[in-house]
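See structure below.
The values are calculated or read from the model by the stated rules, or taken from the named source; none is laboratory data. Since this is a predicted model, take the numbers as computed values, not measurements. Cβ coordinates were reconstructed from backbone atoms using ideal geometry, including for glycine residues, and neighbour counts include every protein chain displayed.
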Amino acid sequence: MSRFTSLRGTAFLFLLFLSSLWFLNFVGRTILSPVLPLIEDEFLISHAKASSIFIFLSIGYGISIFFSGLLSGTFGYRKSIIVSLLVTALMFFLIPVVKVFAALYAFAFIIGMATGIYIPAVIPLITSYYDEKIWSKTIAIHDSAASLGVFAAPLVAIFLLRFFQWRGVLGVMGFVFVIAAIMFYLLFHELKVARVTKAVLGKFIRRRALWVLSIIWVFAASTSIGVYYITPLFLTKELYLDIGYANTIFGISRLGGFVVAISSGFLVSRFSIRTIMASILIISGASTAFVALAGVKFIGLALFLQASFIYGFFPAGLIAISRIFDLNVRGLATGFIFGFGVIIGWGVTPYLLGLSGDLLSFKFGILLLGLAVMLSSSLVFLLKELRPERK
């Protein structure tokens, strides 16, 4: 298969569609967050118990994303993405019948499993369809859909809640996922790579870069989606904002991440990727601490800054993965690193922040996280494979 060497015509349309799938993947995983206060009120549960939904979602996502990286190359990247979309749709159709809160744990886990299949399958697809010279642009544009999805989820929820209860919102999501699966089936062909042998897997597991990137990803994931999941509870239960107003500023605050995510990919082609990643982590940690200290008057600005900068990390991180790991283990590396970061950053972190909200305050937990993210920036310079080549 010949690769696209520029982002024109069909190449751009293909990338735009793949970006829309990543957008949908993020909305599907985060749509529970803006309706979480309604779920909490309906089932009369604590902040920590409500937030624990995301532990199950994130464990499912983390397990799936790892095994998808290991198996999707053999099973087929196209088939893997179609399965991801259809199973997610089925879960959104079934959730509206739930009457017991504990059942949401199972559905959240399966949604995590289904959506986790996507990214380890799509990164090898993108790096195979597009020439390496434009990876920084294609990956940045594709990954910017994540920040756009995070921005859109609260606004989508606000709009749909005008016409449906929170259960109906999820039913609508199911129909959208079905349509996306049909379109992907019609547009893309299958791509397979060589099976990963035990020898290759053993060498892969022993690579220092794999573990360094995984640890860094935990902190990046914690300050992005980890904080995102509990923000509606923080705004409505601790700062006492109305849920409609809270979701409005919550959603708008995520808009800046879209611009930063695209800019990050383009900057990588001009500057040291390690410097960019470290700088983003320092700024993101500081802005996360600002969220805890801002108060009601400046909370909108604080959330905007916090959400804007961290989304520049992920395109740079995906480009780093693509440069460090060969094609036959690229999906596996993506799955392992994402899985490690997701289980802790998206699952454990929201629970700990919710626990902090019950025992002390959300502010204390968010401040502590911000300081930890700033310290994690030093780990980037352990990635020796990303040293700039001497001329």
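If the condition is being in contact (Cβ under 8 Å) with a residue 12 or more places away in the chain, assigned to a loop (DSSP other than H, G, I, E, B) and charged (D, E, K, R), then segment 156-187 contributes no residue at all.
Yes/no matrix, rows are residues, columns are (1) aliphatic (A, V, I, L, M); (2) within 23 Å of the chain's Cα centre (by Cα):
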residue	(1), (2)
Tyr129	no, yes
Glu132	no, no
Phe151	no, yes
Ala157	yes, yes
Phe163	no, no
Leu187	yes, no
Lys203	no, no
Arg207	no, no
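Looking across Ser64, Ser51, one residue alone is at pLDDT 80 or above, of a type in the set (Gly, Ala, Ser) and buried (at least 22 other Cβ atoms within 10 Å of the Cβ). It is Ser64.
Restricting to segment 133-144, count the residues that are surrounded by 24 or more Cβ atoms within 10 Å (Cβ to Cβ) and farther than 14 Å from Ile310 by Cα. Lay out the reasoning, then the answer.
As a first pass, look at segment 133-144 and keep what is surrounded by 24 or more Cβ atoms within 10 Å (Cβ to Cβ): 138-140, 142-144.
Still in the running and farther than 14 Å from Ile310 by Cα: 138-139, 142.
Number of matching residues: 3.
Which residues, taken from segment 355-384, are closer than 16 Å to Ala220 by Cα and not aliphatic (A, V, I, L, M)? Result: Gly365, Gly370, Ser376, Ser377, Ser378, Phe381. Can you name every residue in segment 79-102 that is at pLDDT below 90 and within 15 Å of Pro120 (Cβ to Cβ)? Correct list: Lys79, Ser80. Note on segment 339-368: residues that are buried (at least 24 other Cβ atoms within 10 Å of the Cβ) and not small (Gly, Ala, Ser) amount to 7. Taking segment 292-377 as the region of interest, the helices (runs of 4 or more DSSP H) fully inside it that hold 2 or more residues being more than 26 Å from Ile139 (Cβ to Cβ), of a type outside the set (Asp, Glu) and touching a residue at least 40 places away in the same chain (Cβ under 8 Å) are 349-359, 362-376.
Would a scan of segment 31-39 turn up a residue that is in a helix (DSSP H, G or I), within 15 Å of the chain's Cα centre (by Cα), closer than 18 Å to Leu233 by Cα and modelled with pLDDT under 80? Yes - at least one qualifying residue is present in segment 31-39. Taken over segment 98-131, the residue count meeting the criterion of being assigned to a helix (DSSP H, G or I) and touching a residue at least 24 places away in the same chain (Cβ under 8 Å) is 23. Only one of the numbered conditions (1) closer than 26 Å to Ile123 by Cα; (2) modelled with pLDDT under 80 is not met by Lys391, and that is (1).
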